[in-house]
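For reference, the structure is listed below as structure tokens.
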Amino acid sequence: MKRITVLAFVLFGLVFEVQSGPVDSNSTVIAAERRETVDLAKRATVHEDTECFKENLRTSGPVLKQVTYTSDDDCEELCLTVDGCQAIVTSPMYWAVTGCYIIGEYTLSTDNARGWDTAERKCFDPHTVHKDVDCFKNNLRTSGPVLNEVTYTSDDDCEELCKTTDGCQAVVTSPMYWAVTGCYIIGEYTLSTNNARGWDTAERKCFDPQFANGGPDKPDPEWQCHNYTRWDWSWKKRNDATEAEMCERWERRRYSGGNNANYLGCEDCHCCKPR
């Protein structure tokens, strides 16, 4: 397929920097990363396994829209308003301007993905979870503990086994051309395309709506966790601020330090916001 080279120039004083978007199936985007390195703190989350953004992961697929990154929440909200959005990707935070990219149909890739983060819509938008969705992604595998292993019989059987296994967060199937194909029940994981030819992976948050929504029979919470973004940590560092100041710089957020008896729904998060 013919590829078109796209260059985007950003002017800061007298310095020009070349940045790239996610790999487009119709174009090759050339990236020149800044040579400086920045010690970026990880996002703080209620539970690590519910964070939709996967680090060092990007996509191959059409870019439907591109805006300047402000927060993970803003990127997710933008995706919900764009027809055809299936995922969002953010470029490295050490770029002069970080981008939020709205992605259509895609495949995941770890190639040249250092600093890039990807969130699939099926993770942050529970309305996209339907039984007829094919949750298995081709040529994708995981790095993480194998909680159980059985002989593969069907996708549905693998998914049902995951639902009955404590700690299951994903299922992986080995290549169908093996003499015996395996169904692997996976705990905490990271995704990878390395040596993944023939392997398929389905994340539980895709095929189990209760898991995606935090579990069954929970009272409607009044509060929710604010998951710190890389933008938050960058602001804290620039302003030499405390975590409480970082959280409450927005009017409706409350810093609890994890003591959330008065913030139902915020779980063990340190920074809470109304639903």
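The values are calculated or read from the model by the stated rules, or taken from the named source; none is laboratory data. What you are looking at is a predicted structure, and each value in this text was computed from that prediction instead of being measured. Every residue, glycine among them, receives a Cβ derived from its backbone with ideal geometry; neighbour counts consider all protein chains shown. With ligands, DNA and RNA removed, areas are computed over all heavy atoms of the protein, side chains included. Shrake-Rupley method; radii C 1.70, N 1.55, O 1.52, S 1.80 Å.
At a 1.4 Å probe, what is the % contribution of carbon and sulfur to the accessible area of the range 66-159?
43 percent
Keeping all protein chains in the complex and leaving out DNA, RNA and ligands, what accessible area do you get for H270 with a 1.4 Å probe, in Å² to the nearest 10?
Looks like 70 Å² after rounding.
Tell me which trypsin sites (Lys or Arg not before Pro) from the range 175-274 have a DSSP coil assignment and no more than 11 other beta carbons within 10 Å of their own.
R197, R252
How large is the accessible surface of M93 in square angstrom, using a 1.4 angstrom probe and rounding to the nearest 10?
Using a 1.4 Å probe on the heavy atoms, I get roughly 30 Å².
Could you calculate the FRET efficiency of N56 with N262 from 1/(1 + (r/R0)^6), where r is the beta carbon distance between them and R0 is 25 Å, rounded to 0.05?
The pair N56/N262 has a calculated efficiency of 0.10.
Could you calculate the FRET efficiency of L80 with V180 from 1/(1 + (r/R0)^6), where r is the beta carbon distance between them and R0 is 41 Å, rounded to 0.05?
Rounded to the nearest 0.05, the efficiency is 0.45.
Could you tell me which of the pairs K54/K273; K65/K273; K236/K273; K54/K236; K237/K273 are separated by over 26 angstrom between their Cα atoms in the structure shown?
Correct reply: K65/K273.
Pick out, in residue order, every one of the chymotrypsin sites (Phe, Trp or Tyr not before Pro) in the range 146-200 that is DSSP loop and has at most 10 other C-beta atoms within 10 Å; say none if there are none.
Those satisfying the criteria are Y177.
Counting other Cβ atoms within 10 Å, keep those with at most 14, restrict to DSSP loop, and tell me which trypsin sites (Lys or Arg not before Pro) in the range 59-150 are left.
Passing sites in the range 59-150 are R114, K131.
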